[in-house]
There are 4 protein chains.
Amino acid sequence: MSTTLKVAVLGAAGRMGATVCRAVEGADDLELVARLDAGDPVDASTLAGADVAVDFTVPSATEANVHAVLDAGAHAVVGTTGWDDASRGRVTEHLGRVNSGRPDGQGLGVLIAPNFGLSAVLAMTFAAKAARYFESAEVIELHHPDKVDAPSGTARHTAAAVARARSEAGLTAMPDATESGVEARGADVDGVRVHAVRLRGLVAHEEILFGNVGEQLVIRQDSFDRVSFMPGVLLAVREVVSRPGLTVGLENVLDLS
Amino acid sequence: MSTTLKVAVLGAAGRMGATVCRAVEGADDLELVARLDAGDPVDASTLAGADVAVDFTVPSATEANVHAVLDAGAHAVVGTTGWDDASRGRVTEHLGRVNSGRPDGQGLGVLIAPNFGLSAVLAMTFAAKAARYFESAEVIELHHPDKVDAPSGTARHTAAAVARARSEAGLTAMPDATESGVEARGADVDGVRVHAVRLRGLVAHEEILFGNVGEQLVIRQDSFDRVSFMPGVLLAVREVVSRPGLTVGLENVLDLS
Amino acid sequence: MSTTLKVAVLGAAGRMGATVCRAVEGADDLELVARLDAGDPVDASTLAGADVAVDFTVPSATEANVHAVLDAGAHAVVGTTGWDDASRGRVTEHLGRVNSGRPDGQGLGVLIAPNFGLSAVLAMTFAAKAARYFESAEVIELHHPDKVDAPSGTARHTAAAVARARSEAGLTAMPDATESGVEARGADVDGVRVHAVRLRGLVAHEEILFGNVGEQLVIRQDSFDRVSFMPGVLLAVREVVSRPGLTVGLENVLDLS
Amino acid sequence: MSTTLKVAVLGAAGRMGATVCRAVEGADDLELVARLDAGDPVDASTLAGADVAVDFTVPSATEANVHAVLDAGAHAVVGTTGWDDASRGRVTEHLGRVNSGRPDGQGLGVLIAPNFGLSAVLAMTFAAKAARYFESAEVIELHHPDKVDAPSGTARHTAAAVARARSEAGLTAMPDATESGVEARGADVDGVRVHAVRLRGLVAHEEILFGNVGEQLVIRQDSFDRVSFMPGVLLAVREVVSRPGLTVGLENVLDLS
């Protein structure tokens, strides 16, 4: 592999794909070698020698794309949603097959991440680590008012991770004397209260609050723009080449030791 | 009246009353002349020449105290809860009677305030003023987890004031596309969403968020300790002597022009 | 005047001007009747019957534009910088002359505003009102790291307004025991400390913090995008027609009573 | 060792020491067996069978106390300041000597921590981990106005840790186009800007801000009261018994994997 990584973008005409193309072109250590879109075949020829293919397509196409990328001998970074245990299992199996025939240290890798926002991923990761040390924890997510679901998927995942960490540390239910007006206390996600604010002018924001007697820890992240996902996508591109097999979640390629 | 105001405290043995006594003693322009408690008669003799009596007693005693203070020729500042239209009406009537017999500019005043926290009162006042200029508005209140009611009275009043200001300005419903998970969207107070956070370590906090396309205004207040009410109580003592009649709410003696 | 206000935009090809054009076109009660740019004459003919002309041009052109707008019988809203006492004085004189010949209630108005951000203007206004009630006050402004001056003009104005309000209320210097490391305490603007943060990802944000024993009030505003100025510009357009004479500052057309 | 840990407190009459005594008495799994103060000898007899001794005394006494505690066969948790490389070295040597004569898994431990605030320690730890992933980073610390030094020691340590992490990750200087008004940009700690706010009503608070294009991560911690150190002290007591040798910093006994 050359010192410059060659990158193909699948879904290059979409909003995220186009943003990825610009980000790759703006990075000194990366070279954009192919832009593919709906209808384009995905094979060694169209991937044009790419080391890594980045997939921001649609749920109905993404799994087939990944298999085709592996068949062409490239690594894959996937930001498309729609993956489940079955489709991830088939990719793991494919990776095992293809990597058994490759020299040591040159195995192919696939990184699937539901969220490439570094601030969002770090906030969630830190929140899970902090959870066991505090008596109380709540999540507030704030989004633009055109969002149709509440609370956000990120907030749900964060609350679930906080709840899991509390449970593993043997913590019991949080203190809460509320007798009236429980509808003001937000949604209950595994025992963690999650509040959803919808405000014109905002994009996507999350705040995790932790409290002990006399102290508070607040972790907040703000995503102002979809370009905020690019540092995470580029990081994934650079990391996937040295991580054979399937990795799920950007947090697993961050160095947080 | 001397340049030093003489102050009596009713309910001097209670937590708030005792704190008021210390605050009065610490103020150069005020002199503590009487501390009265449950069982003590309230009259010209026990009030000891006080210009102003501050009442932090109990709902069952406060109205009778105010009438007795007026009969003794003193002004009153009241922080006790439990007042309604009827009891306020009787005080207004009493003030009319007693002030008709007093020289111009020397009428007695009574100031009843549900909240003496300057930051809380200012936050609510500013929120009501800002409300007409923003497409979206929501309220988050945060308290210690031993609080039994949600949302807090202050948050309810704030939300109601925001709703009233929006209505007066002809604003219609806020944008909100939420289709699923509405339980994460908090309580609905006159069309304004109010979220209640309960966290060990906190005392009493409120945040009002306003949003337009591309901008946000946030007004936040923190009450860390009951001593935070003292600047408001002392301000009320100094202002009530020049405001004959009944005044309800500390915001009405603030100079916000 | 019809119930729909006719609006001309001067500097329509600039970034702000173009944004104003789109905002006017998107407003039901406004009609965009002229777009003028550098080199275009400004007169009754080119203004095409506009009730109000909005000037987002350049400092070297803005005063002449305003005089020409008045000669054409239209009101003016000005967002261009570069005004001083002398140029404002000439506009006041011109307004006096032209309004003396117009029927009562139909005088022309000119509104010059250095900032059309509603959240920014409200934050500054509220901060000035709150200042007299707190022992401590500090300002934190946060901007993108390409900004060359610190602290921001808005933060300077805010701090000066806070200082003036404190002085008028007879407050003395704020408590500050700092003996070492005063360089961490920010810039001193009339006795108010102002801190400037420069962070990639931010746009323009300001926080004013007030403190008393046991309590804090924080007023924060965020400008995420230049479109955030549009509600303020449209408000100015609607208000200027009923405010003959010169008005400086958007806060003076807000209803904050 | 019994399932209930026996604890001695050195400096029990001081403010921190007295608070530790109450916290130990309030914990089901701990038993307070000795309260020692200035002038009391520290030996096996006065420590009364304590498994762990907690030292909140004075810089001039703390090292001698730790040696005496080790001689008595107990573990030590130290919150007193004044330690340097030399004194820490002597404790390490003492620990080596005494632990060589003890059965495996029963070695004595000493934990010295400059800060027992969990929220403060976690904020600093997370900030160091996040630092490598962001283009910009700044620190704001906020304290009561009676503090004589700026910026706070915690903020200095945080900024230094952020700078070290950036350097290790190969990051260069942060973007900052400031040409005028650099005094508003705070203190420079190893290239990281640190701002110190002093506000009546506050106690001890720290905010670390990170920014990339389009996103922000903020980690904030609030210490409202010295009781906030107690969860950290109790955690240290429980952990030190299974960590032979010298440990410096509460973060090293936290489980952040």
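Each value in this text was obtained by applying a stated rule to the coordinates, not by laboratory testing. Since the model is a prediction, treat every value here as computed from it, not as a measurement. As a convention, Cβ positions derive from the backbone with ideal geometry for all residues, glycine included, and neighbour counts pool all protein chains shown.
Below is a table of values for the structure above.
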| item | result |
| --- | --- |
| Cα radius of gyration and Dmax for the protein assembly as shown (Å) | 32.4, 105 |
| Per-residue ³J(HN,Hα) for the range D:247-257, Karplus 6.51 cos²θ - 1.76 cosθ + 1.60, θ = phi - 60°, Hz, x for Gly and Pro | 10, 10, x, 4, 4, 7, 10, 7, 9, 10, 6 |
| Relative contact order for the range B:118-224, counting Cα pairs under 8 Å that sit 6 or more residues apart, in percent | 41 |
| Under 16 Å from B:Lys129, Cα to Cα: aspartates and glutamates that are on another chain or at least 8 residues apart | B:Glu138, B:Glu168, B:Glu207, B:Glu251, B:Asp255, C:Glu251, C:Asp255 |
| For B:187-200, mean number of other protein chain Cβ atoms within 10 Å | 6 |
| DSSP beta bridge pairing in chain C, given as percent antiparallel to the nearest 5 | 45 |
| DSSP bridge pairs, the protein assembly as shown: antiparallel proportion in percent, nearest 5 | 45 |
| For B:Leu246, distant residues with modelled amide H under 5 Å away | B:Val110 |
| Per-residue average of Cβ from other chains inside 10 Å of C:130-139 | 5 |
| Separation of alpha-carbon centers, the range D:9-40 and the range B:145-183, rounded to whole Å | 47 |
| Amide hydrogen neighbours beyond the local backbone of B:Thr80, cut-off 5 Å, H modeled | B:Thr57 |
| Environment charge at D:Asp29 (Cβ cut-off 13 Å; Lys +1, Arg +1, Asp -1, Glu -1) | -3 |
| Average beta carbon contacts from partner chains per residue of B:201-211, 10 Å cutoff | 6 |
| Contact order relative to length of the range D:1-146, as percent, for alpha carbon pairs under 8 angstrom and 6 or more apart | 18 |
| Derived scalar couplings ³J(HN,Hα) [the range D:194-206; Karplus, 6.51 cos²θ - 1.76 cosθ + 1.60; whole Hz; x for Gly, Pro] | 10, 10, 10, 9, 10, 9, 4, x, 7, 10, 8, 9, 9 |
| Positive minus negative residues near A:Arg164 (Lys, Arg vs Asp, Glu; Cβ under 11 Å) | 0 |
| Candidates B:Glu135, B:Glu31, B:Glu183, ranked by Gaussian network fluctuation over chain B, Cα under 10 Å, top entry | B:Glu183 |
| DSSP-defined beta bridges in the range A:118-224 - what % are antiparallel, rounded to 5 | 75 |
| ³J(HN,Hα) computed for each position of the range C:43-56 - Karplus, 6.51 cos²θ - 1.76 cosθ + 1.60, integer Hz, glycine/proline x | 8, 4, 5, 6, 6, 6, x, 4, 6, 9, 10, 9, 9, 10 |
| Teacher prompt: A:Ala38 distances to equivalent labels in other copies, 7 Å Cα→Cβ, nm | 4.3, 7.5, 7.9 |
| Choice from B:Gly73, B:Gly11, B:Gly82 showing the highest fluctuation, given a GNM over chain B with Cα pairs closer than 10 Å | B:Gly82 |
| Space enclosed by the convex hull of the alpha-carbon atoms of the range C:118-224, per residue, Å³ | 104 |
| Alpha-carbon centroids, the range D:126-142 and the range C:237-257: separation in whole Å | 43 |
| Solution diffusion estimate, µm²/s, Stokes-Einstein, chain A, Kirkwood Rh from C-alpha pairs, 10 °C, viscosity 1.306 mPa s | 80 |
| Label point 7 Å beyond Cα along the C-beta direction, distances from A:Val213 to other copies (nm, shortest first) | 2.5, 5.0, 5.2 |
| Cβ-based net charge around D:Leu235, under 14 Å, with every Lys or Arg adding one and every Asp or Glu removing one | -3 |
| For B:Val54, distant residues with modelled amide H under 5 Å away | B:Ala8, B:Val9, B:Leu10, B:Val77 |
| Residue of chain B whose Cβ sits closest to the axis mapping B onto A, with distance in whole Å | B:His195, 2 |
| For chain D: relative contact order, % (alpha-carbon pairs under 8 angstrom, 6 or more apart) | 21 |
